[in-house]
Amino acid sequence: MSESPESEGVGTFGPALYRLTQAVAVVLAAFAGAVAVAGGGIGVLISGGIVEPETIGYHLALTVLQFVGFGVGIVGYVAITDDRELISYRLPTRFGWGLIGVGIVVLLIVQFAFGFVLSEFGLEAGENQVVLIGRENPQFFLYMILVSILVVGPVEELLFRGVVQGLLRRAVSAWPAIVLAAAFFGLVHVWAVQGTIGQQLVYAVVATVLGIVLGYLYERTGNIVVPGLAHGLYNAVLFAIQYVAVTRAFI
């Protein structure tokens, strides 16, 4: 990932627009896959009596199915284009594990720094639907710790860093690719956020900055496993904090 963009993409608008169009198409395909798999899958689970609507099991199954659908879109793109070199992955080195740890800390600092600054100005971000579900059923947070590490973090990073940032990186230099991919990441989170338009946009800005951190991890290591684990573990820490806050488990 740290190599230079393709020579024909440097300093030209055409190749960058082409890669951007590809990135948009993949994101749309991933969301289409999520809608299809989640919609069909949850219907089968309900009709089969495996889950009941609006229970913890229902929300967990819906979350997992949505991200399986994202994966279908990603795999479909790679299979159709036969672009197997787009996403680089391997077991992290000692340096990579160190970056994962540092990345988690930086992500948490960014999250809480934004929270402090927003509160100082009397602003607030929208609420993610997952958090709202967990506040009604705190046990949901505990299940989401595992789901975040194994599913949410890795799949979102495959899409936004592996595919989107990877495609853009072939046409532009590192930082434009990182920022554009992070902007995609921030904007698509709006659909999962409740609140006013202003609160949703604030949430998108925070998510974009977090995406820039994750994008740097991918650019620095060329290994999608690094931001995937950092993202999943960061989410897991937030869910653990939410669980303690709601249940006062250690108070």
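The values are calculated or read from the model by the stated rules, or taken from the named source; none is laboratory data. Since this is a predicted model, take the numbers as computed values, not measurements. Quick reminder, even Gly has a Cβ in these numbers, built from the backbone with ideal geometry, and neighbours come from all protein chains shown. All accessible areas refer to the heavy atoms of the entire protein, side chains included, with ligands and DNA or RNA removed. Shrake-Rupley method; radii C 1.70, N 1.55, O 1.52, S 1.80 Å.
What is the one condition in (1) small (Gly, Ala, Ser); (2) open to solvent by 10 Å² or more (accessible area, probe 1.4 Å); (3) within 22 Å of GLN22 (Cα to Cα) that ALA181 does not satisfy?
(2)
Quick one: which residue in PHE95, PHE121 is within 30 Å of GLN199 (Cβ to Cβ) and among the aromatic types (Phe, Trp, Tyr)?
PHE121
VAL27 - would you say it is under 30 Å from GLN199 (Cβ atoms) and loosely packed, with under 13 Cβ neighbours inside 10 Å?
no
Every residue in the range 30-80 that is touching a residue at least 12 places away in the same chain (Cβ under 8 Å), surrounded by 17 or more Cβ atoms within 10 Å (Cβ to Cβ) and either not hydrophobic (A, V, I, L, M, F, W, C) or not in a helix (DSSP H, G or I) (or both), please.
Residues satisfying the conditions are GLY33, GLY41, TYR58, HIS59, THR63, GLN66, GLY69, GLY71, GLY73, TYR77.
Restricted to the range 111-125, and to residues that are in a helix (DSSP H, G or I) and open to solvent by less than 80 Å² (accessible area, probe 1.4 Å), which residue is nearest to ASN235 (Cα to Cα)?
Residue satisfying both the conditions and the ranking: GLN111.
Can you tell me which residue in the range 92-110 is farthest from the chain's Cα centre (by Cα), limited to those that are open to solvent by 30 Å² or more (accessible area, probe 1.4 Å) and of a type in the set (A, V, I, L, M, F, W, C)?
It comes out as PHE95.
Being of a type in the set (Ser, Thr, Tyr), in contact with a Phe, Trp or Tyr (Cβ under 9 Å, 6 or more places away or on another chain) and in a loop (DSSP other than H, G, I, E, B), is that true of even one residue in the range 81-98?
The answer is yes; a qualifying residue exists.
Test ARG248 against the criterion of being surrounded by fewer than 21 Cβ atoms within 10 Å (Cβ to Cβ), modelled with pLDDT of 95 or more and of a type in the set (Lys, Arg), and give yes or no.
no
Quick check on my filter: what residues within the range 162-176 are outside any helix (DSSP H, G or I) and open to solvent by 20 Å² or more (accessible area, probe 1.4 Å)?
Across the range 162-176, the qualifying residues are ARG170, VAL172, SER173.
Being in contact (Cβ under 8 Å) with a residue 60 or more places away in the chain and in a helix (DSSP H, G or I) is true for just one of VAL179, VAL102, VAL131. Which residue is that?
After applying the criteria, what remains is VAL131.
State all residues of the range 126-161 that are of a type in the set (Phe, Trp, Tyr) and either under 13 Å from GLY232 (Cβ atoms) or buried (at least 19 other Cβ atoms within 10 Å of the Cβ) (or both); if no residue qualifies, say none.
Selection gives PHE140, PHE141, PHE160.
With farther than 29 Å from GLY76 by Cβ and out of contact with any Lys or Arg (no Cβ under 7 Å at 6 or more places or on another chain) as the only criterion, which of VAL163, VAL105, VAL172, VAL155 stands out?
Going through VAL163, VAL105, VAL172, VAL155 in turn, the sole match is VAL105.
Which of (1) closer than 26 Å to SER173 by Cβ; (2) at pLDDT below 95; (3) surrounded by 19 or more Cβ atoms within 10 Å (Cβ to Cβ) does TYR89 not meet, given it meets every other one?
Here TYR89 clears every test but (3).
Quick check on this structure: which one of TYR234, TYR218 is open to solvent by less than 50 Å² (accessible area, probe 1.4 Å), within 16 Å of GLY115 (Cβ to Cβ) and at pLDDT 95 or above?
Testing whether each residue is open to solvent by less than 50 Å² (accessible area, probe 1.4 Å), within 16 Å of GLY115 (Cβ to Cβ) and at pLDDT 95 or above leaves just TYR234.
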